[in-house]
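Structure record follows, encoded as structure tokens.
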Amino acid sequence: QAQLVESGGGLVQAGGSLRLSCAASRTFTSFAWFRQAPGKEREFVAAIAWSGTDTYYVDSVKGRFTISRDYAKITVYLQMNSLKPEDTAKYYCAADLSWVPKSTILKEESYRYWGQGTQVTVSQ
């Protein structure tokens, strides 16, 4: 059973930084980060192809967040800088064995494997 395990969440002040990690039990073709704030639907944050050549971001995090991967560790990272209170959410790592086309990259149903999530809280 393929697994994804997130870590790196925590409490940080506005303007601070955190780096989330997603350790995978095997190689996947596509990885993404989603987040869900209380009372809101889960939303796409960023995605990367395992080749690392293609990355995608939701507009609200462009220029502040960076998604990357480590081949040797089979780990995907989300570096989050200049955090804002509105970034507060539970962050989930998602992955799929198939390549997820750009047309569906924002959709939860494009990813068959999910981690349990890690909480990020940004205070004023």
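A few comments on the model shown:
- Which of W114, W99, W33 is most accessible, then next, and so on - probe 1.4 Å: W99, W114, W33
- Think of each Lys and Arg Cβ as +1 and each Asp and Glu Cβ as -1; about the Cα centre, that makes the dipole of the chain roughly 140 debye.
- Candidate lysines - alpha carbon under 21 Å from K102, same-chain residues fewer than 8 apart omitted: K62
- The alpha-carbon of K107 sits under 14 angstrom from the alpha-carbons of these aspartates and glutamates, leaving out residues fewer than 8 places away in its chain: E41, E43, D96.
- Where T121, T53 fall by accessible area, highest first, once all protein chains stay in place (1.4 Å): T53, T121
- Net lengthening on full extension, S51/A23 (0.36 nm per residue, minus Cα-Cα): 8.4 nm
- Across the stretch 62-79, no residue has a backbone nitrogen under 18 Å from the label position 7 Å along the beta-carbon direction of E108.
- Straight-line reach from K73: taking Cα to Cα under 14 Å and skipping same-chain neighbours fewer than 8 places apart, the aspartates and glutamates in range are E6.
- For the chain: relative contact order, % (alpha-carbon pairs under 8 angstrom, 6 or more apart): 36
- Viscosity 1.002 mPa s, temperature 20 °C, Stokes-Einstein D of the stretch 16-107 from Kirkwood C-alpha radius, µm²/s: 160
- Per-residue SASA entry for D70, accessible area with 1.4 Å probe, Å² rounded to 10: 40
The values are calculated or read from the model by the stated rules, or taken from the named source; none is laboratory data. Model, not experiment: these values are computed from the prediction. Backbone-built Cβ (ideal geometry, glycine too); neighbour counts: all protein chains shown. We work out accessible area using only protein heavy atoms, side chains counted, and drop any ligands, DNA or RNA first. Shrake-Rupley method; radii C 1.70, N 1.55, O 1.52, S 1.80 Å.
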